[in-house]
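For reference, the structure discussed in these notes is given below.
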Amino acid sequence: MGKKPYSYLSVDGSPNSLELATPLDAAKASLQFLSEKAKVMTSESTPMQIGGLHAVFLVATYTCRGSKGPFVMGSAFVLSPKRDMVYELTLYALADRYEGDRAVLDQIIKSWRYKR
């Protein structure tokens with residue numbers, strides 16, 4: 001999306017191998033992983049609904065050694081009803097591009113439906 005360096009979208013559905021109990025737990029695990037690789041400056045999580053399921057939206061501002069920055073990661077986390085799957089929709093963008101590029105992530109989130 002946009003000019004170089006590009007923003008990136010990531011969509012993932014994985015088994016809940018960490019046995020996370022809530023979407024907030026998934027957001028905390030993601031933030032912990034990010035903080036092992038980068039310097040997290042700010043983070044905020046907000047409860048939401050996605051496709052009729054409880055979810056959490058995490059926004060973290062961070063810097064990486066040797067890269068332009070700061071960057072923003074915006075991620076939505078959802079657990080399947082049986083909590084056997086974790087779904088994550090994430091946007092990675094330079095901080096000055098995040099708000100503009102977030103519109104694409106918001107459209108994906110609005111269209112997401114859980115079907116089993």
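Net length available on complete extension from ARG83 to ASP96 is 1.1 nm, with 0.36 nm assigned per residue and the Cα-Cα distance removed. For a paramagnetic label modelled on ASP12 (point 7 Å from Cα along Cα→Cβ), amide N atoms under 19 Å away belong, within the stretch 88-116, to 88-94, 105-106, 108-109. When the stretch 15-102 is described by a simple charge dipole with +1 on each Lys and Arg Cβ and -1 on each Asp and Glu Cβ, the residue from ALA21, GLY69, ALA55 located farthest towards its positive end is GLY69. Structural descriptor for the chain: relative contact order 29 percent, calculated from alpha carbon pairs under 8 angstrom and at least 6 residues apart. Each of LYS39 and SER67 was given a label point 7 Å from its Cα along the Cα-to-Cβ line. The distance between the two points is 1.5 nm. Taking the Cα centre of the chain as reference, the dipole from Cβ charges on Lys and Arg (+1) and Asp and Glu (-1) amounts to some 260 debye.
The long axis of helix 95-111 is offset from the longest Cα principal axis of the chain by roughly 20 degrees. Quick one: helix 23-37 against the long Cα principal axis of the chain, what's the angle to the nearest 10°, folded into 0 to 90? Relative to the chain, helix 23-37 is tipped by roughly 30 degrees.
The numbers here are math on the coordinates, done by the rules we state, and not lab data. Every value quoted in this text rests on a predicted model; they were computed, and no experiment measured them. FYI the Cβ positions are ideal-geometry reconstructions off the backbone, even for glycines, and counts take in every protein chain you see.
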